[in-house]
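J.: Below is a structure I'd like to ask you about.
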Amino acid sequence: MIRKISMLAAAAGFVVAATGAFAAYPDKPISIVVPFAAGGPTDVVARSLAQAMGTQLKGSLIVENVNGAGGTIGAGKVARAPGDGYTLLFHHIGMSTAPSLYRKLDFKPLEDFIPIGAVVDVPMTIIAKPTMAPANAKDLLVFIRANKEKINLANAGVGSASHLCGLLLQNAMKTELTTVPFTGTGPAMIALIGGNVDIMCDQTTNTTGHIKGGKVKAYAVTSKGKLANFPELPPLGADLPGFEVGVWHILYAPKGTPADIVAKLQSSLQAAIKDPGFAAKMKDLGAEIMPLDRQTSAGAKAMLTSEIAKWAPIIQAAKAYAD
Ligand code: ASP
């Protein structure tokens, strides 16, 4: 009997300790892994979100860039991290395309992660080095077709959004181009501005300042219609019917993260998205805030599930594999 009571007390003690631990969450810095190089578009959004969520959680969220292999190295690292709320992943559409692009992947997007919520949807722009000759998107496509052996396409590695966009472009044009992978489109942008690579497709969260500053030549947007920030740029779909790609971002925790921590992260993500500084920055950079039902764990999971199903046949048709 005495033994039974002390076991119950121990169990109760454990509950008290666990509740105490949660009540204190976060009691140390939270790491947000960005699976691309610093200074790129995923990094830019992650850092703004980290700051706004830090205010909500009264803690610090530190961005850690774990680059390589189109975002799959960083995602794999978080898949194997402890589910304690102190390691998170901020990723993009690559989470839904990597399972089709890689024959072997060391993580399972739907099983190894708990989505916290979707944050923004970001259109892409087709940009080129400043000395690129064609005057508009139509002429650029003619120029690419005529010079396909000479033109190269920068991207952030197989599985990245720039890789996907380039794949769709080559597929729509029935043309194969040389691709040049970087650890993120931050470094790729430096090469493009310097004229060391020719063309790139990248999120407006990276390209807006460089386009407006005249550092690169912009030809088209990848959204269905025109963008308010770039009324002069046509949608690429006007010349390549059906061409459309947008880059959504979701914040994830590794599997095993307790439900109360996931709930706390979800509500702080929703509050951070409403932060006037965050919202204004996203608007300036052409990013669209996700609807509230997707800023939830369930809504983000449903979105990821349908995006995996959407891209699989497209990637299979393009016969694109990483290995
Ligand atoms: N924009 C990149 C991509 O193409 C990633 C990045 O550097 O954020 O996926």
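The values are calculated or read from the model by the stated rules, or taken from the named source; none is laboratory data. No experiment lies behind these values; they were computed from the predicted model shown. Here the Cβ positions follow ideal geometry from the backbone for every residue, glycine too, while neighbour counts run over all protein chains shown. Please note that ligands, DNA and RNA were not included when accessible areas were found on the heavy atoms of the full protein model with its side chains. Shrake-Rupley method; radii C 1.70, N 1.55, O 1.52, S 1.80 Å.
J.: Out of the residues in region 40-92 meeting the condition of being of a type in the set (D, E) and under 15 Å from the mean Cα position of the chain (by Cα), tell me which one is nearest to N206 (Cα to Cα).
T.: Ranking the candidates gives D43 first.
J.: Limited to region 166-199, what total is found for residues that are within 23 Å of the chain's Cα centre (by Cα) and either among the small types (G, A, S) or not in a loop (DSSP other than H, G, I, E, B) (or both)?
T.: 20
J.: Determine if region 157-176 includes at least one residue that is free of Cβ contacts under 8 Å to residues at least 60 places away in the same chain, closer than 30 Å to G76 by Cβ and touching a Lys or Arg at 6+ places or on another chain (Cβ under 8 Å).
T.: For region 157-176, residues free of Cβ contacts under 8 Å to residues at least 60 places away in the same chain, closer than 30 Å to G76 by Cβ and touching a Lys or Arg at 6+ places or on another chain (Cβ under 8 Å): present.
J.: Among the residues of region 126-156, how many are without any contact (Cβ under 8 Å) to a residue 60 or more places away in the chain, more than 25 Å from S96 (Cα to Cα) and aliphatic (A, V, I, L, M)?
T.: Qualifying residue count for the region: 6.
J.: Sticking with this structure for a sec: Of the conditions (1) in a helix (DSSP H, G or I); (2) open to solvent by 10 Å² or more (accessible area, probe 1.4 Å); (3) farther than 19 Å from F243 by Cβ, P130 fails just one. Which one is it?
T.: Of (1) in a helix (DSSP H, G or I); (2) open to solvent by 10 Å² or more (accessible area, probe 1.4 Å); (3) farther than 19 Å from F243 by Cβ, only one is false for P130: (1).
Here's the yes/no breakdown for (1) at pLDDT 95 or above; (2) assigned to a helix (DSSP H, G or I); (3) open to solvent by 10 Å² or more (accessible area, probe 1.4 Å):
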| position | (1), (2), (3) |
| --- | --- |
| F22 | no, yes, yes |
| D43 | yes, yes, no |
| M53 | yes, yes, no |
| I62 | yes, no, yes |
| K77 | yes, yes, yes |
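J.: A further question on this structure: Collect the residues in region 282-295 that are touching a Ser or Thr at 6+ places or on another chain (Cβ under 9 Å) and either closer than 17 Å to I32 by Cα or surrounded by 19 or more Cβ atoms within 10 Å (Cβ to Cβ) (or both), keeping them in residue-number order.
T.: Scanning region 282-295 gives M282, L285, G286, A287.
J.: Out of region 47-84, which residues are touching a residue at least 60 places away in the same chain (Cβ under 8 Å) and either within 15 Å of F182 (Cα to Cα) or within 15 Å of the ligand (Cβ to nearest atom) (or both)?
T.: S48, L49, N65, N67, G68, A69, G70, G71, T72
J.: Further question: Show the residue pairs meeting these rules: Cβ distance below 8 Å; 6+ apart or different chains; first residue within region 279-291 and without any contact (Cβ under 8 Å) to a residue 24 or more places away in the chain; second residue open to solvent by less than 60 Å² (accessible area, probe 1.4 Å) and β-branched (V, I, T).
T.: A279/I273
J.: Only one of these is touching a strand residue (DSSP E or B) at 6+ places or on another chain (Cβ under 8 Å), within 14 Å of the ligand (Cβ to nearest atom), open to solvent by less than 70 Å² (accessible area, probe 1.4 Å) and closer than 23 Å to V247 by Cβ: A137, A154, A118. Name it.
T.: Of the residues listed, the single one that is touching a strand residue (DSSP E or B) at 6+ places or on another chain (Cβ under 8 Å), within 14 Å of the ligand (Cβ to nearest atom), open to solvent by less than 70 Å² (accessible area, probe 1.4 Å) and closer than 23 Å to V247 by Cβ is A154.
J.: Turning to a different aspect of this structure: Just one of (1) open to solvent by 50 Å² or more (accessible area, probe 1.4 Å); (2) within 12 Å of the ligand (Cβ to nearest atom) trips up E176, so point out which.
T.: (2)
J.: Can you say whether M132 is away from the ligand (no atom under 16 Å from the Cβ) and touching a strand residue (DSSP E or B) at 6+ places or on another chain (Cβ under 8 Å), as far as the supplied structure shows?
T.: Criteria met by M132.
J.: What number of residues within region 211-241 are in a strand (DSSP E or B) and within 16 Å of the ligand (Cβ to nearest atom)?
T.: 2
J.: From L110, L89, which residue is part of a strand (DSSP E or B) and either open to solvent by less than 10 Å² (accessible area, probe 1.4 Å) or touching a helix residue (DSSP H, G or I) at 6+ places or on another chain (Cβ under 9 Å) (or both)?
T.: L89
J.: Tally up the residues in region 158-168 that are open to solvent by 10 Å² or more (accessible area, probe 1.4 Å) and more than 8 Å from the ligand (Cβ to nearest atom), please.
T.: Counting residues in region 158-168 that are open to solvent by 10 Å² or more (accessible area, probe 1.4 Å) and more than 8 Å from the ligand (Cβ to nearest atom) gives 3.
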